[in-house]
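The values are calculated or read from the model by the stated rules, or taken from the named source; none is laboratory data. What you see is a predicted model, and the numbers here were worked out from it, not measured in a lab. Cβ atoms come from the backbone with ideal geometry, glycine included; neighbour counts cover every protein chain shown.
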């Protein structure tokens, strides 16, 4: 079913604040936080009102062109609480923002209002065995560097390592490390300090789940404690195969290996050619494996009739740019006609040709997870109807499809997200338009 995004956007736009409310809020923010923390300059407002939703031709066509009215740049949890309280007092909608690397329009203000840019809250506060505590604007580059100094690493991180921990928790799902550690809601977040219009919350363990991948509709993450793992030395390895089945067989053996690789990706030849990779029309397999597993990897590739193309101890960063939604970003630079779906399920490896046949010119990308392979199906975008008819067909085949062409929240946690939003935000001013009616 095609989501009625134009209707949702129009409904959210009705919450746009009147000019006098915006002016009063900006004045109060400057008085409370200082003039250097607040901007109403058009270039700043526009920069704070976009994310990577341009990867979707559907979202690009319906996202509002109007920018936020005000941007505020808090440098502490106290300044964040003050900004939220003032916006609520003036009935101005609030959208939290990290680095804007999300792909769904999570950080796009549908009702204009106030964008809170959290990237200035970037301090690592403390860490111990198996955990690190940091402000929401701290990048994964900084988190990983701090963890490595004490012989640890972040258990899971996005391939866009410049992303912030708050943005990833509020808008992400999985990444490098998910083969071993699962998804965000599988124990990655240990504690959250959340700012809501009704006051601050401190959450532990399972209490964090409704605030993960919730786009800030029920509260804004100020500080997070997330899981660390023992630091391991890894090597980037690349192989290629004549058949998809052979590449998948090696990949599945890698997923079962302990210690688990941090990353395993597989691409159709048509995608590998867009990067480009030196696979010469073959299927590409790439993995970040423990140094001790390199010889086993070579043996597994050869046993499956493949060819080892590269072994590079310094290549992990490069491999990360050929995984998850980096694939869409890279592919669209060469072929802007492509659009993507996020897909999962055994049918991807059991009957990949049937999956590819649903949409025109489909190319399949797989990433490893704890329970098997998921990934992306990229196809030539014809029109919205063709795309959503394809989604329906894929789901009928048993493919699990996450729609990346809508900003509206979904998933198993949606009832809990909605319940906490009603409690924490009775005026409905936190990122309006992102919760389904």
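If you go through segment 211-239 one residue at a time, how many are under 30 Å from residue 95 (Cα atoms) and either at pLDDT below 95 or in contact with a strand residue (DSSP E or B) (Cβ under 9 Å, 6 or more places away or on another chain) (or both)? Number satisfying all stated conditions: 16. Each residue in segment 305-323 was checked for being in contact with a strand residue (DSSP E or B) (Cβ under 7 Å, 6 or more places away or on another chain) and surrounded by fewer than 21 Cβ atoms within 10 Å (Cβ to Cβ), and 11 pass. Within segment 285-308, being closer than 29 Å to residue 334 by Cα and more than 26 Å from the chain's Cα centre (by Cα) holds for 306, 307, 308.
Would you say residue 310 is at pLDDT 95 or above and closer than 21 Å to residue 246 by Cβ? When the stated conditions are applied, residue 310 passes them. Taking segment 52-80 as the search range and keeping residues that are touching a strand residue (DSSP E or B) at 6+ places or on another chain (Cβ under 9 Å) and assigned to a helix (DSSP H, G or I), which one is surrounded by the most Cβ atoms within 10 Å (Cβ to Cβ)? Residue satisfying both the conditions and the ranking: 80. Across segment 283-292, which residue is farthest from residue 250 (Cα to Cα) among those that are in contact (Cβ under 8 Å) with a residue 40 or more places away in the chain and surrounded by fewer than 23 Cβ atoms within 10 Å (Cβ to Cβ)? Result: 291.
Within segment 199-214, the set of residues being closer than 20 Å to residue 82 by Cα and in contact (Cβ under 8 Å) with a residue 60 or more places away in the chain comprises 200, 201.
Out of curiosity, is residue 411 touching a helix residue (DSSP H, G or I) at 6+ places or on another chain (Cβ under 9 Å), assigned to a loop (DSSP other than H, G, I, E, B), at positive phi and in contact (Cβ under 8 Å) with a residue 12 or more places away in the chain? Don't jump to the end; show me each part of the working.
Working: touching a helix residue (DSSP H, G or I) at 6+ places or on another chain (Cβ under 9 Å): yes; assigned to a loop (DSSP other than H, G, I, E, B): yes; at positive phi: yes; in contact (Cβ under 8 Å) with a residue 12 or more places away in the chain: yes.
Yes.
Only one of the listed residues (390, 374, 398) is in contact with a helix residue (DSSP H, G or I) (Cβ under 7 Å, 6 or more places away or on another chain), at pLDDT 95 or above and not assigned by TED's automatic domain parsing to the domain that holds residue 156. That residue is 398. When residue 24 is tested against (1) touching a residue at least 40 places away in the same chain (Cβ under 8 Å); (2) touching a strand residue (DSSP E or B) at 6+ places or on another chain (Cβ under 9 Å); (3) farther than 29 Å from residue 386 by Cα, just one condition goes unmet, and that condition is (2). For residue 99, the test of being within 23 Å of the chain's Cα centre (by Cα) and at pLDDT below 95 is passed.
On the stretch given as segment 1-51, residues that are buried (at least 20 other Cβ atoms within 10 Å of the Cβ), closer than 28 Å to residue 326 by Cα and in contact with a helix residue (DSSP H, G or I) (Cβ under 8 Å, 6 or more places away or on another chain) total 1.
Just to be sure before I move on: is residue 432 over 27 Å from residue 263 (Cβ atoms), free of Cβ contacts under 8 Å to residues at least 60 places away in the same chain and in a loop (DSSP other than H, G, I, E, B) in the structure I sent?
Details: over 27 Å from residue 263 (Cβ atoms): yes; free of Cβ contacts under 8 Å to residues at least 60 places away in the same chain: no; in a loop (DSSP other than H, G, I, E, B): yes.
In short, no.
From the list 395, 350, which one is touching a strand residue (DSSP E or B) at 6+ places or on another chain (Cβ under 9 Å) and free of Cβ contacts under 8 Å to residues at least 24 places away in the same chain? I'd like the intermediate steps shown before the answer.
On the way: 350 fails: touching a strand residue (DSSP E or B) at 6+ places or on another chain (Cβ under 9 Å).
Only one candidate passes the filter, namely 395.
Do you know which residues across segment 237-284 are over 23 Å from the mean Cα position of the chain (by Cα), under 17 Å from residue 315 (Cα atoms) and not in a loop (DSSP other than H, G, I, E, B)? If the condition is that a residue be over 23 Å from the mean Cα position of the chain (by Cα), under 17 Å from residue 315 (Cα atoms) and not in a loop (DSSP other than H, G, I, E, B), then 237, 238, 239, 240, 284 are the ones that fit.
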